[in-house]
1. I need to check one value: relative contact order of the chain, counting alpha carbon pairs closer than 8 Å and at least 6 residues apart, in percent.
2. Checking the a/c ratio against 1.5 first, then a/b against b/c, what shape does the Cα gyration tensor give for segment 204-345?
3. Using only the Cα atoms of the chain, build the gyration tensor, take square roots of its eigenvalues as a ≥ b ≥ c, and label the shape rounded, prolate or oblate: rounded if a/c is under 1.5, else prolate if a/b is larger than b/c, else oblate.
4. Ignoring everything but the protein chains, give the 1.4 Å probe accessible area of R366 in square angstrom, nearest 10.
5. Compute the signed sum of charges (Lys and Arg +1, Asp and Glu -1) over the other residues within less than 15 Å, Cβ to Cβ, of V148.
6. What translational diffusion coefficient, in µm²/s and rounded to a whole number, does the Stokes-Einstein relation yield for segment 157-271 at 4 °C and a viscosity of 1.567 mPa s, taking the hydrodynamic radius as the Kirkwood radius over Cα pairs?
7. Which percent of the accessible area of the chain is formed by carbon and sulfur heavy atoms (probe 1.4 angstrom)?
8. Would you mind working out the magnitude of the charge dipole of segment 122-193 relative to its Cα centre, with +1 at each Lys and Arg C-beta and -1 at each Asp and Glu C-beta, to the nearest 20 Debye?
Amino acid sequence: AQRQPRTPWLDNRSRVLPTWAGILEAGAEHDDHRFRRAAYVRVGYGIGHEHQDALDLQVAAHGLPMTIDGGQRRGYTIPTDAASFVHNTVLVDGSEAYRHSWISAWADHAGARYLEATAVPPSGVQLFRRQVALVDVDEGQGSQRLSVAQQMLDAELPQDVTTANSYVFDVFRVGGGRQLMYGFHGPLNDDFTWNATGLKPGDQVTPDQVELLAKFRLMPDRNAVGDAPEAFEATWRMALDVDGPGLGEKEMAGKNFAADGPRKFTRLHLLGLRDARALRGEIVCRQWNYHFSHVMIRKSLAENSAGDVFVGLVEPYAGEPFIAARRELAVANNERDAQRAVAVEVRTRNGHRDVCFADGRPDLVRTVSEAGLTVAGE
């Protein structure tokens, strides 16, 4: 063991654990865990505690979990973690997300790592699938080779660093149903902003919305419903210090917490929404004395609909956001169902222009004129 130049966990690359998750990992060349990034999608049934969360999405960056994964025993939180609507996944007509799921495609390409996760769909639904890419933006500054002692998670690390950045391209396809709901939350937050409009309190909306938000009953003053714009955006600022054990940035960073360092944020972008409603509720853990904000974006589909697609970006950043602009691009002769092609242009503050593309019909040749792109592929 003394002859090993790195602690073995640092050599973990993107991987699939069939009954737990598909994990995309960037920055494996760094000994300093603050420069590594990961996105992972839950698959399998998840035995132990509460994981009714098939195809749940989680993100890590800047040496920290940038989303919180609820999965505690029943009774710890309100609403309970056993409820699928409190997880980072999509529900169809209120069905639970406790179903067989697996990684159905995998490509660990440097710079843009990709996976596709598929679940057995709810009754009457033909498709339930999530496509996720972890796209690199920069490798930061100040990373250096560390001694084995420094590679341990509780070791004190150099402070004069700028951590690395990646974002997540997220495409969730649902083939059927009448009401789809995309749920998401970032870390434990001490500030939350969103661009929903026409906000109303959670007890002054339609009966079905009142019924859902009534489950977030311990902090009802934070419950709200509004209209989601075509480009929806919500931002969670990570709490610095939480009374519970190891839950704020200060506790999680330990010896490497810098009081004068940049604050950490997780930003969700959902693009191409039409007539969607945005709901917010506060999840409260009574067992460990913490709470965090959860959003739910609801779409209503016509009867006998062929389904729809949620198209998103997740941007975990330190200090200032690194995505300068983003927009959905038109795909010529595209369908209007759950298998349609999607293309998103992302411009970053360091000068990148990315075009993220995903298709449910990879055999068709697609044209994205605004990007000068002709492509056939998943």
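The values are calculated or read from the model by the stated rules, or taken from the named source; none is laboratory data. Just so we're clear, the structure is a prediction, and the values are computed from it rather than from any experiment. When we count neighbours, we look across all protein chains shown, and the Cβ atoms used for this are built from the backbone with ideal geometry, even at glycine. Heavy atoms of the whole protein, side chains included, go into the accessibility calculation; ligands, DNA and RNA do not. Shrake-Rupley method; radii C 1.70, N 1.55, O 1.52, S 1.80 Å.
1. Worked out over the chain, it gives 15 percent.
2. oblate
3. oblate
4. 10
5. Taking every Cβ under 15 Å from that of V148, the sum is -2.
6. For the chosen part, D equals 76 µm²/s.
7. 49
8. The calculation lands at about 760 debye.
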